[in-house]
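Have a look at the structure below, then the notes.
The values are calculated or read from the model by the stated rules, or taken from the named source; none is laboratory data. Given the structure is predicted, the values throughout are model-derived calculations rather than measurements. All Cβ positions, glycine included, derive from the backbone under ideal geometry; neighbour counts span all protein chains shown. Heads up: the accessible areas ignore ligands, DNA and RNA and are worked out on the full protein's heavy atoms, side chains in. Shrake-Rupley method; radii C 1.70, N 1.55, O 1.52, S 1.80 Å.
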Amino acid sequence: MKQKKPICKWKKFLLLGLQQVFLVASVICITIVTLGSSVSIVTQNASWSNMITPWDMSGSYENSEIFSSILRENASDILRMVVIRKQLESDGVYDGKKVIDVTEFANRYGNHGSGSEISAEYYLEDLLKWSKYGFQYYTKGASDGYPWGTKFTEKSAVSEKISGAENNSSTGTDTASETSFIIEGEEMAAYEAETDGYDSLYEDKEATYAMLENRYKTVDGKTPEELASNLEEYDELCNNLVSAANELLYNYEEYQEDLKWYTADKTNVRYCIEMPSKGDNEFYTNIELESESDSSITDTFKAFGKYILYFPANMQYESNTSVREGILLSNLAEYSYVYPDNVKIWFAVDTTYPVTDAFSSALHSYNEFMPYWGTYFGISATCMAGYLILLVYLCCKTGRKLNEDGTLTYEENLFDRIPTEVALILAGITVTVLSVMIMGAVSLIQNMDTLSEDTILCIVGGISFISGAAFLYFFYSLIRRFKAKTLWKNSLCCRLTGCIKRAVWFLYDNSNAIARVEIPFGIWFVVNLSLIFLGFNTGSLFFIVVAVVMDGFVLLILAKEQIDRNQILDGVGKIREGNLEYQIPTEKMHGANKQMAEAVNQVGDGIRQAVETSMKDERLKADLITNVSHDIKTPLTSIINYIDLIKRENIQDDKIKGYVGVLDAKSQRLKQLTEDLVEASKISSGNITLYFEHINLMELVNQGIGEFSEMFATHGLTVITSCGVEKPVINADSRRMWRVLENLLKNIYKYALEGTRVYIDLQEETVEDQDMIVLSLKNISAQALNINANELTERFIRGDVSRSTEGSGLGLSIAKNLTEAQHGTFKIYLDGDLFKVTMTFQKVVN
């Protein structure tokens, strides 16, 4: 059966490169889809990225989730902006002289502190400037007097607190913490014991407290100390003052940005919020209203395209967007201190998009991405399919190697010979490095908004190429290890397991020997050590002398053991050299050495008997073949002679002529078979005499071609010869060499495909510093050569399995044996239907 050839190197590298191209193309298409579907949305108080999904393709942009998310965020910002305008404006214009009740403002979310009703009213501009400049405190001692007398009316007034500033997470600005007295001197426990609680403060107790520096006064020209009646009220009023001022400054800065952001020429969002007031209703809007009636405003906002109208008092909500009522309701609940139940809200988006803002930018990305989504995804899927197909194909092909004899094996490269665990560690290091590179690239892309899309694609393509190459390198190495069955064999675990297994089996197999050695050694070691120990402890030389004598005795035993082993090794060497009669003397041996020597003697006897039996069988076989051949030759010669006599008669009957021809051919074939059997028997038994002489091999080849030219012509065989040697002279037996060449030419005549060429080449080669003559014969076989090349040189083996041609099956065997008997080499190569024979002889140099 014809073996599948492995792919050549250039084709392998081409396919690997194509595989990498598929991977990079697929990743780049996915990146393009990702970049194209990612929309960066920026509003006044937020910025985020949203992904366009294929499901968004089912409707228009105004019905997509991106549009709804932008509208929700803008609606939330506008509702907050109106709240801030309500705080800072009068009649729709910023009013710095607006009066602010700091306690009411600080507790607008329902946080009423201790429940005290003390309040203070300041001008808006004073609070903003005070917060911008910062709040300062000064320390006041007991000797300076107390604004509210010498007694504390509340227990909490002497609680141990430290004045300072803390971060207000809701506003993002620093606010002053509660301010109170700090009791210094004796411990609080002693103070409680002496005063029976917090009823009074003795004048000999030193105390200090922090006071707010009054940069601005209330509308009535008062300070917090003048408005408060005790320390607790003072602390609470100061805290409300600081909190209100800081939050108002934060809102004022946001207010200035909102005025720029949500004007009609800056955004496509249109809004109108009607707030009831004591007089006429207040309208907050960024469009010109033709009429203040609800129906007119509703018609105006519906005309913009997408709209939302919400009247909480009537539970009326109408919208042609996907924004739910609950979104607006939650926003209104957050600012319930501003928005009453009878507020009316209109939102709309001008779907002609006259202004460049988040809506128009998202629309541009939406329209740019959607038409090509399927194309890029299809290209990516196709490239990935090609990548996987090549992966499977190269997995089947990688590691294959076709040997010269036509057999298929699997080979490994240098990296595949590294232990499996080491390769896995290298793979892990590579994965770690690539992961760091990928995370670094992702971080770079995220933090570098100025990077162009082409730059991002180059970075992604480069990383995917490197990652893909590293993956394929380790993956194909794993496949080759699996095919060559070295995945486990070439691992450190396998080697360690093998060592442990061999050690266990060694101990198990040699348990008797170990017991014979280790137990006596242990006894000797203990006794010897004990004697030396007693000698040193008692100071007696007797024990030391006994130990030395024991050591000498053991030394003699070991020397005797080594001498016996040397005798055994000498005996094995003599038997190996062919002296099968030699016997190792075992009279003075003991133990394992004696058993080993007797076993070697028995092996020698067995080999001698086997050799004698084999030689006897060979002689009998040779004699049998010779006798049978001789017995067949005599009647066969008579048959051939009588057939020759019959052929000389004038036979007129064509049928009888045909019979005579068959008898003649078969008798000649039987004669040739008999001669081949006799010659094969002589060669195998060594009963052959060779007469070496100098032979010009090319002349012998030309002679053979001349004798077989007529036979080759009947089959249409054309012989093409070439000689690359000036004097192809070898040292061989001319008669035997002619028999070799004759057998090869007969083989070509019988089995070569008719009408083809036969190539006979004579070349000179240098092998191990010796000049050699190489004779090669090549032809195309007429039959399929479904047999191993080495089997063709065995006896009675023929390439023609159907045996439709004449032949004994001994021709190639005789040719090989005769070639090797003349110190030459004989090799057969099969490559499909190509049959090739090469013979090599040493060149004779005159």
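In the range 462-490, the qualifying residues are those that are within 25 Å of Ile438 (Cβ to Cβ) and among the hydroxyl-bearing types (Ser, Thr, Tyr), and the one that is surrounded by the fewest Cβ atoms within 10 Å (Cβ to Cβ) is Tyr473. Of all the criteria given as (1) closer than 17 Å to Ile78 by Cβ; (2) part of a loop (DSSP other than H, G, I, E, B), the one not satisfied by Tyr284 is (2).
Gln562 meets each of the listed conditions (1) modelled with pLDDT under 80; (2) open to solvent by 50 Å² or more (accessible area, probe 1.4 Å) apart from (1).
Listed conditions (1) modelled with pLDDT of 90 or more; (2) outside any helix (DSSP H, G or I) are all met by Ala713, apart from (2). Evaluate the range 259-266: report whether one residue or more is among the acidic types (Asp, Glu) and open to solvent by less than 50 Å² (accessible area, probe 1.4 Å). No, there is no match, as no residue in the range 259-266 is among the acidic types (Asp, Glu) and open to solvent by less than 50 Å² (accessible area, probe 1.4 Å). Within the range 295-305, the set of residues being open to solvent by less than 30 Å² (accessible area, probe 1.4 Å) and either among the hydrophobic types (A, V, I, L, M, F, W, C) or under 60 Å from the mean Cα position of the chain (by Cα) (or both) comprises Ile297, Phe301, Gly305. Contact map, the range 21-34: residues that are of a type in the set (Phe, Trp, Tyr) paired with residues that are open to solvent by less than 50 Å² (accessible area, probe 1.4 Å), Cβ distance under 6 Å, separation 6+ or inter-chain. Pairs shown: Phe22/Cys383; Phe22/Gly386; Phe22/Tyr387. Scanning the range 217-276 for residues that are outside any helix (DSSP H, G or I), among the acidic types (Asp, Glu) and closer than 30 Å to Lys302 by Cβ yields a total of 2. Taken as a whole, the range 638-647 holds no residue that is surrounded by fewer than 10 Cβ atoms within 10 Å (Cβ to Cβ), in a helix (DSSP H, G or I) and modelled with pLDDT under 80.
Checking the structure you have, find out if any residue of the range 531-540 is among the hydrophobic types (A, V, I, L, M, F, W, C), open to solvent by 100 Å² or more (accessible area, probe 1.4 Å) and assigned to a helix (DSSP H, G or I). Yes, the range 531-540 has at least one match. Just one residue in the set Gly326, Gly378 is under 27 Å from Thr267 (Cα atoms) and either in contact with a His (Cβ under 6 Å, 6 or more places away or on another chain) or exposed (fewer than 13 other Cβ atoms within 10 Å of the Cβ) (or both); that residue is Gly326. Selection within the range 567-593: residues that are part of a helix (DSSP H, G or I) and open to solvent by 70 Å² or more (accessible area, probe 1.4 Å). The member of this set that is nearest to Arg608 (Cα to Cα) is Arg576. Can Thr721 be described as of a type outside the set (Lys, Arg), within 60 Å of the chain's Cα centre (by Cα) and over 23 Å from Leu818 (Cα atoms)? It is true that Thr721 is of a type outside the set (Lys, Arg), within 60 Å of the chain's Cα centre (by Cα) and over 23 Å from Leu818 (Cα atoms).
Being over 16 Å from Arg481 (Cα atoms) and open to solvent by less than 40 Å² (accessible area, probe 1.4 Å) is the filter here, so list the residues in the range 420-429 that pass it. Gly428 - this is the single residue of the range 420-429 that is over 16 Å from Arg481 (Cα atoms) and open to solvent by less than 40 Å² (accessible area, probe 1.4 Å). On the stretch given as the range 724-750, residues that are outside any strand (DSSP E or B), touching a strand residue (DSSP E or B) at 6+ places or on another chain (Cβ under 7 Å) and within 22 Å of Lys816 (Cβ to Cβ) total 5.
List every residue pair whose Cβ atoms lie under 8 Å apart, where the two residues are 6 or more positions apart in sequence or sit on different chains, the first residue falls within the range 416-439 and is under 16 Å from Trp488 (Cα atoms), and the second residue, located anywhere, is open to solvent by 50 Å² or more (accessible area, probe 1.4 Å) and not in a helix (DSSP H, G or I). Note: pairs meeting the criteria are Thr420/Leu487; Thr420/Trp488. If we keep just the residues of the range 430-451 that are under 24 Å from Gly468 (Cα atoms) and surrounded by fewer than 11 Cβ atoms within 10 Å (Cβ to Cβ), which is modelled with the highest pLDDT? Ranking the qualifying residues of the range 430-451, first place goes to Thr432.
Taken over the range 685-700, the criterion of being hydrophobic (A, V, I, L, M, F, W, C) and out of contact with any helix residue (DSSP H, G or I) (no Cβ under 7 Å at 6 or more places or on another chain) is satisfied by Phe692, Leu697, Met698. Mind checking whether some residue in the range 114-127 is within 22 Å of Glu254 (Cα to Cα), modelled with pLDDT of 85 or more, among the aromatic types (Phe, Trp, Tyr) and open to solvent by 50 Å² or more (accessible area, probe 1.4 Å)? Yes, the conditions are met somewhere in the range 114-127.
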